[in-house]
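A.B. asks: What follows is a single structure, and I will ask about it in a moment.
Throughout, read-outs are computed from the coordinates displayed, never taken from laboratory work. All values derive from a computational prediction rather than experimental measurement. Note that we place each Cβ from the backbone using ideal geometry, even for glycine, and neighbour counts take in every protein chain shown.
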Amino acid sequence: MVQARVAVAGVGNNISALVQGVRYYEGRSAGEDPELPGIRRPVIGALRPHDVEFVAAYDVSPAKIGLDVADAILAGKNNYPRLDVTLPATGVCVEPGIREHDPDADVRRVTESLRRSGAEVLVYSLPTGLQWAATAYATAAAAAGVALVNCTPELVSRDQRMLDAFVAAGVPVLGDDLASHFGASIVHRSLLALLRERGITLDQTYQINIGGNEDFRNLREHGESKKASKLNAIAQDGLSLDRVDIIPSGGYVAGLRDQKVAYVSLDGIGWAGTPVNLELRLRVQDSSNAAGVIIDLVRIAVAARRIGLKGFVPAAAALLKSPPDGHGAYSQSAVNTSFEELDAAAESRSAAE
Ligand SMILES: NC(=O)c1ccc[n+]([C@@H]2O[C@H](COP(=O)([O-])OP(=O)(O)OC[C@H]3O[C@@H](n4cnc5c(N)ncnc54)[C@H](O)[C@@H]3O)[C@@H](O)[C@H]2O)c1
């Protein structure tokens, strides 16, 4: 098995959950119990969740630059819990990331570093609201011939020029904004579909999220792109968005640390105009919710790159809040066919080896 070679931009809580989680599944796979809790697809394109090698990392925090990735994920303001796994040094140190004051020189440096590392995919996982940074890292990835997974709501796969750059480079780009594993967006979307399916008319609905990690602190002030992306995530046929309100960060509550609490409320109109109301509270480990999806996006990106697919890959659509052209553009059968293509190509490659 050739491991997926992964570079990361932004060594925050998402990446802590990803790096520690990969070690967790490595341990599970080596043990007698083959069950992989929390994994939707044990194999994608012949890659298992622990078939991942971290080959490069970029950050701008002085608390993280120069540290081995295994130490950097526990440094600075990261507050994802320390899981019960061994974390040996990766041998990869965090390099300075791209800074706003001189992005062109930094983009060239990161492009060179990506090439040298042999990375197959770059996971872009910076704070929300930095469109210049998303564009800069995407430019570096495309120039280095490296696929990109955009975890944030910034425009990359929905920016036609960026999408064209990845197509021209012959590599995949998956974005934008990951849809958490079991988060407020997917639960809210499913409940709205259920209301509709049962013939209950939506009167109004809202979603409020609170948490105690840096993402929540940042979203209090830079939540606009996240709000738009969350609306994309729940948009579906017949839903009038003027009946929906979403507050990405209703508050930073330090004591919650990396836990997130979402409140979802739905008011509907049932038989003969009488009311229906649902109030729901969801509490999750926020960055596990991200890593559980990043691991699939990474494997899709790498498997697709290995067979020469370029641009957006439909298998990723349901794992994102804002895929290019919206969710309506990807039927379930198109998504399934895309996964089958990745699996079949990997099988025939291993049969040929
Ligand atoms: N469930 C989830 O956690 C979830 C779901 C969907 C999307 N996201 C998005 O994922 C992103 C990352 O989330 P997180 O919780 O890991 O955030 P975080 O704040 O913990 O980590 C961000 C990291 O990026 C670094 N950084 C800032 N500027 C940089 C630059 N120019 N170059 C390189 N590194 C830089 C920071 O120092 C920090 O280490 C956010 O945009 C968030 O909205 C998260």
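A.B. asks: Of the peptides 247-256, 305-314, 13-22, 77-86, how do they stack up when ordered by the mean number of other Cβ atoms within 10 Å, highest first?
C.D. replies: With the highest mean Cβ count within 10 Å placed first, the list reads 13-22, 305-314, 247-256, 77-86.
A.B. asks: While we're looking at this one, here's another question. Tell me which residues come under 5 Å, amide H to amide H, from Q204 once H is placed; ignore anything under 5 positions away on its chain.
C.D. replies: HN-HN under 5 Å from Q204: D267.
A.B. asks: Taking the Cα centre as origin and putting +1 on Lys and Arg beta-carbons and -1 on Asp and Glu beta-carbons, what dipole magnitude results for region 54-174, to the nearest 20 debye?
C.D. replies: Value, rounded to 20: 40 debye.
A.B. asks: Compute the relative contact order of region 149-210 as a whole-number percentage, counting only Cα pairs closer than 8 Å that sit 6 or more residues apart in sequence. Provide the component values of the computation, followed by the final result.
C.D. replies: Details: 45 pairs, mean separation 18.1, N = 62.
Relative contact order here is 29 percent.
A.B. asks: Please give the length that would be gained between S333 and D104 if that part of the chain were fully extended, namely 0.36 nm times their separation in residues minus their C-alpha to C-alpha distance (nm, one decimal). Intermediate results must be reported in sequence, preceding the final value.
C.D. replies: Values: separation 229, 0.36 × 229 = 82.44 nm, distance 4.15 nm.
Extra length available between S333 and D104 comes to 78.3 nm.
A.B. asks: What is the set of long-range amide H partners of A57 at a cut-off below 5 Å, with H atoms built 1.01 Å from backbone N?
C.D. replies: V8, E95
A.B. asks: Dipole size in debye (nearest 20) for region 128-222 around its Cα centre, Lys and Arg Cβ +1, Asp and Glu Cβ -1?
C.D. replies: Numbers: 7 positive and 10 negative charges, 40 e Å.
With only Lys, Arg, Asp and Glu charged at Cβ, the dipole is about 200 debye.
A.B. asks: Follow-up. Which FRET efficiency value, to the nearest 0.05, do you get for E347 and D84 by plugging their Cβ-Cβ distance into 1/(1 + (r/R0)^6) with R0 = 35 Å? Present the calculation step by step, with values, prior to reporting the outcome.
C.D. replies: On the way: r = 35 Å, r/R0 = 0.99.
It comes out at approximately 0.50.
A.B. asks: How large is ³J(HN,Hα) for each residue in region 170-187, as worked out from phi by the Karplus curve 6.51 cos²θ - 1.76 cosθ + 1.60 (θ = phi - 60°), to whole Hz, x for Gly and Pro?
C.D. replies: x, 9, x, 9, 10, x, 10, 6, 5, 8, 3, 3, 9, x, 4, 5, 5, 5
A.B. asks: Arrange F182, F339, F54 by Cβ neighbour counts within 10 Å, fewest through most, would you? Let's see the in-between values first.
C.D. replies: On the way: F182 14, F339 19, F54 26.
Result, fewest neighbours first: F182, F339, F54.
A.B. asks: I would also like to ask the following. Just to check I understand the Karplus step: with θ = phi - 60° and J = 6.51 cos²θ - 1.76 cosθ + 1.60, what whole-Hz values come out for region 92-97, glycine and proline as x?
C.D. replies: So the J values, rounded to whole Hz, are 10, 9, 6, 9, x, x.
A.B. asks: Using Cβ contacts closer than 10 Å as the measure, can you line up I39, I44 from fewest to most? Walk me through the numbers before you get to the answer.
C.D. replies: Values: I39 17, I44 26.
In increasing order of surrounding Cβ atoms, one gets I39, I44.
A.B. asks: Let me ask another. Using a simple charge model, +1 on the beta-carbon of Lys and Arg, -1 on the beta-carbon of Asp and Glu, nothing else, what dipole does the chain show about its Cα centre, in debye to the nearest 20?
C.D. replies: On the way: 35 positive and 42 negative charges, 37 e Å.
Roughly 180 debye for the chain.
A.B. asks: To continue, here is another question. Hey, if you put +1 on the Cβ of every Lys and Arg and -1 on every Asp and Glu Cβ in the chain, which of T152, A138, P34 ends up farthest toward the positive end of that dipole?
C.D. replies: With unit charges placed on the Cβ atoms, the residue in question is T152.
A.B. asks: Moving on. Taking neighbour Cβ counts within 10 Å as the exposure measure, how do H101, H181 sort from fewest upward? Don't skip to the answer; put the middle values down first.
C.D. replies: Values: H101 6, H181 21.
Listing H101, H181 from fewest to most nearby Cβ atoms yields H101, H181.
A.B. asks: Still on this structure, please answer the following. Run the helix sum for the chain: -39,500 (n - 2.57) per DSSP H stretch of 4+ residues, divided by residue count, reported at 222 nm to the nearest 500 deg cm²/dmol.
C.D. replies: Value at 222 nm, helices only, nearest 500: -12500 deg cm²/dmol.
A.B. asks: Then there is this: Can you figure out the FRET efficiency of C93 with D242, using R₀ = 41 Å and their beta-carbon distance, to the nearest 0.05?
C.D. replies: Numbers: r = 50 Å, r/R0 = 1.21.
The value I calculate is 0.25.
A.B. asks: May I ask you to evaluate 6.51 cos²θ - 1.76 cosθ + 1.60, the Karplus curve with θ = phi - 60°, for each residue of region 278-289 and list the ³J(HN,Hα) values in order in whole Hz, giving x for glycine and proline?
C.D. replies: 3J(HN,Hα) across region 278-289, in whole Hz: 10, 10, 10, 10, 10, 10, 9, 7, 4, 7, 5, 4.
A.B. asks: Out of the DSSP beta bridges found with both residues in the chain, what percent are antiparallel (nearest 5)? Write down the numbers at each step before the final one.
C.D. replies: Working: 24 of 50 bridges.
If we restrict to bridges inside the chain, about 50 percent are antiparallel.
A.B. asks: Residues with amide H under 5 Å of A4's amide H, sequence separation 5 or more or different chain, H placed in the peptide plane at 1.01 Å from N; which?
C.D. replies: V52, E53
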